[in-house]
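Worksheet: the structure to be examined is printed underneath.
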Amino acid sequence: MNQVVDRAAGCLTGLALGDAMGMPGELWVPERIHQTWGWLSGFHPAPPGHQIVDGFVAGQVTDDTQQAYMLARTICAAGGEVRAEDVARELVAWADRVGASDGNFLGPSSARAIDLLRSGADPRSTGAGGETNGAAMRIAPIGLARSTNDPDALVDAVVEATVMSHDTGVAISGACLVAGVVSAAVEGAQVAEAIEFGLAVSASGRRRGEQTVAASVPARARLAIELAGRPTSDREFLVELYDLVGAWVTTTESVPAAIGVLMRAEADPVRATELAANLGGDTDTIGAMAGAMSGALSGSASIPEATRRRLEDVNAIDPAGLAAELVALRR
């Protein structure tokens with residue numbers, strides 16, 4: 001396995017790791033997580049009666065990984081092209097296949113868009129007003145399929161992958177940040193360099209889509225980076241990150257939070273996803289984004305083999321195989 005493929009496999013594995021680690025405490029306040037587990041580490045089943053993931057087993061992923069892998073397979077099937085019509089079709093097919101529209105499984109922007117798409121609406125019109133993090137949570141495959149050589153083309157691909165559900169500048173900006181970090185990371189960039197590239201394409205992406213009132217994702221990410229570098233304990237860092245940046249499903253909170261835990265963990269995907277799981281809020285999505293970026297930076301070997309096997313067996317996924325397909329189409 002060459003280095004680019006290994007980093008791409010680390011990205012898709014890290015994404016699943018963060019999703020599964022954060023699943024049990026999804027949308028809980030930090031105090032409830034700490035009262036239940038003390039410090040949440042490793043895989044745990046969903047607590048009985050959980051409002052979203054009741055019945056999920058230890059190591060099981062949620063819609064974050066499912067949608068990201070759906071996007072990856074859609075890109076592969078199209079020979080590396082990223083077309084909104086293809087993604088919209090496969091997004092609805094995935095939702096129907098897993099029953100995602102039942103209960104509280106989907107985020108609000110995706111749920112609304114999927115309902116509209118089912119009714120035959122134009123996928124380039126159904127993402128109006130979508131500001132939450134569903135775009136950023138599934139976008140990592142774009143970073144694997146597009147290089148840093150043409151930042152505008154990367155932003156274009158992000159838009160094509162998100163317009164049907166999240167056609168706002170803030171959502172596109174957040175997705176560009178994650179995709180940009182991943183793209184630079186698989187090419188061998190170090191943490192700071194990869195984040196700077198991600199911040200640059202995030203600023204560019206903010207000018208795309210519907211312009212809504214929202215804080216700057218790059219500016220809030222820089223705040224998260226500053227908090228990560230303070231000489232505090234990990235618990236103190238998480239309190240500051242939660243209080244000052246936030247951890248909710250909004251793009252302006254969850255994407256910068258993922259950058260914060262990535263920096264705090266120094267791109268160690270196991271540590272980054274553990275921090276995300278204990279942060280509170282949208283733990284699975286923050287963990288998925290942080291895991292994808294840190295896995296792309298550190299490679300698949302940075303995730304223990306037993307952990308990788310558990311994720312693959314429980315969820316019937318093949319991160320390395322899918323990563324190799326995407327990298328072969330990278331342009």
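Structure above, values below:
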read-out	value
Mean separation of Cα contacts under 8 Å (6+ apart) over length of region 97-222, as relative contact order %	25
Student exercise, region 214-331 dipole from Lys, Arg, Asp, Glu Cβ charges, in Debye to nearest 20	320
Cα centroid of region 205-240 to Cα centroid of region 59-93, whole Å	27
Size of charge dipole - region 155-260 - debye, nearest 20, with Cβ of Lys, Arg +1 and Asp, Glu -1, no other charges	180
Burial ordering of H50, H166, fewest other beta-carbon atoms within 10 Å first	H50, H166
The chain, dipole about Cα centre (Lys/Arg Cβ +1, Asp/Glu Cβ -1), debye to the nearest 20	240
Cleavage-rule hits (chymotrypsin sites (Phe, Trp or Tyr not before Pro)) in region 28-126: DSSP loop, at most 15 neighbouring Cβ within 10 angstrom	W39
Mean Cβ count within 10 Å, highest first, over the residues of peptides 168-180, 147-159, 216-228	168-180, 216-228, 147-159
Percent RCO, i.e. relative contact order, over region 226-284, from Cα pairs under 8 Å lying at least 6 residues apart	34
Sequence ranges 321-330, 123-132, ranked by mean other-Cβ count within 10 angstrom, highest first	123-132, 321-330
Kyte-Doolittle mean at least 1.0, axial Cα span of 18 Å or more - DSSP H helices of the chain	169-186, 191-205
Answer label for volume of the Cα convex hull per residue in Å³ (calculated), chosen among (1) 138; (2) 107; (3) 149	(2)
Length-normalised contact order for the chain - Cα pairs under 8 Å, 6+ apart - percent	31
Shape category assigned to region 138-212 from the gyration tensor of Cα positions, a/c cut at 1.5	prolate
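Coordinate-derived values only; no laboratory data. This structure is a prediction, so every number in the text was calculated from the model and none was measured. For neighbour counting, all protein chains shown are included, and Cβ atoms are generated from backbone atoms with ideal geometry for every residue, glycine included.
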